[in-house]
1. Can you tell me which residues in the range 98-116 are part of a helix (DSSP H, G or I) and closer than 23 Å to residue 87 by Cβ?
2. Among the polar types (S, T, N, Q), more than 19 Å from residue 209 (Cβ to Cβ) and out of contact with any Leu (no Cβ under 8 Å at 6 or more places or on another chain), is that true of residue 73?
3. Look through the range 93-108, keep the residues that are buried (at least 17 other Cβ atoms within 10 Å of the Cβ) and not charged (D, E, K, R), and return whichever of them is nearest to residue 184 (Cα to Cα).
4. What's the number of the only condition in (1) closer than 21 Å to residue 164 by Cβ; (2) among the aliphatic types (A, V, I, L, M); (3) touching a residue at least 60 places away in the same chain (Cβ under 8 Å) that residue 7 fails to meet?
5. Only residues that are exposed (fewer than 13 other Cβ atoms within 10 Å of the Cβ) and assigned to a strand (DSSP E or B): list them for the range 10-20, please.
6. Need at least 3 residues that are without any contact (Cβ under 8 Å) to a residue 60 or more places away in the chain per element, so show me which helices (runs of 4 or more DSSP H) inside the range 123-222 make the cut, counting only ones lying wholly within it.
7. Given the conditions (1) at pLDDT below 90; (2) on the phi > 0 side of the Ramachandran plot, and given that residue 133 satisfies all but one, which numbered condition is not satisfied?
8. Name the residue that is surrounded by the fewest Cβ atoms within 10 Å (Cβ to Cβ), counting only residues in the range 21-43 that are under 16 Å from residue 220 (Cβ atoms) and among the aliphatic types (A, V, I, L, M).
Amino acid sequence: MGALVEIRDVCKVYNPGENEVRALDHVSVNIDEGEYVAIIGQSGSGKSTLMNMLGCLDVPTSGLYRLHGQNVSELDDDELSDIRNREIGFIFQGFNLIPNLTAIENVELPLIYRGVGKAQRMELARKALEKVGLEHRMDHKPAEMSGGQQQRVAIARAIAQAPPIILADEPTGNLDSHSTQEIMGILRELYEEGRTVILITHDNEIAAKAKRVIKIRDGHIEADTTGADSEMTGNSLGMMGKAMTQQIAASAN
């Protein structure tokens, strides 16, 4: 599989001049097709700016961003919008569902904007809701569903037209532990089906579910780990704390 995302020496500068803020400072990273990547960082680290860049919601101040080999940095707003519609399924922390629409109507809505015919979009929306286990909730409105169910509707909306990239921004941030496990399970299934899943989070345990973890801090890529190394990222602090406790107990005895 080839490189899906190619970012080279990208900077994003706000308020250029004396009070400028470098949200991204000479960042370079590749993401291949079919990868499951977590981008982790605390508030102010630059992870949200990087997410906006990856999702074609913003363009770099300088540097190169290629998506499927196309130089996104040179596109206008209409062209960026077209790429978002075709290539990327967005999942947000806040669900962003329309309160007065049912689950199936919420999933259908982006398909209307894409010009999909009524019969086809209803079928796509139904299949997407079935995929996330909500076939019995299609006619329910958001207020009639739990937070976990609302997020599953949001996932169904993101995957209804089978975009190759799933971009999930803190998708479990408003959920309890049980719903979090459900949502992470769905993201795992999407990855196993061949989708490219890019997860934005501040939580080490959530990041460790991915196959690759990119840690960003102060606008720089601080670490990039894969496989067992990424699992260590989420568990190392807890393991270190447990080891220290055992050492203290042994000394006391």
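The values are calculated or read from the model by the stated rules, or taken from the named source; none is laboratory data. Note that the coordinates shown come from a computational prediction; the quantities given were computed from them, not determined experimentally. Every residue, glycine among them, receives a Cβ derived from its backbone with ideal geometry; neighbour counts consider all protein chains shown.
1. Let us first name the residues in the range 98-116 that are part of a helix (DSSP H, G or I), namely 103-113.
Scanning the range 98-116 gives 106, 107, 108, 109, 110, 111, 112, 113.
2. no
3. Result: 93.
4. That leaves (3) as the condition not met.
5. Correct list: 14 only.
6. Correct list: 147-159, 177-192.
7. Every listed condition holds for residue 133 apart from (1).
8. 21
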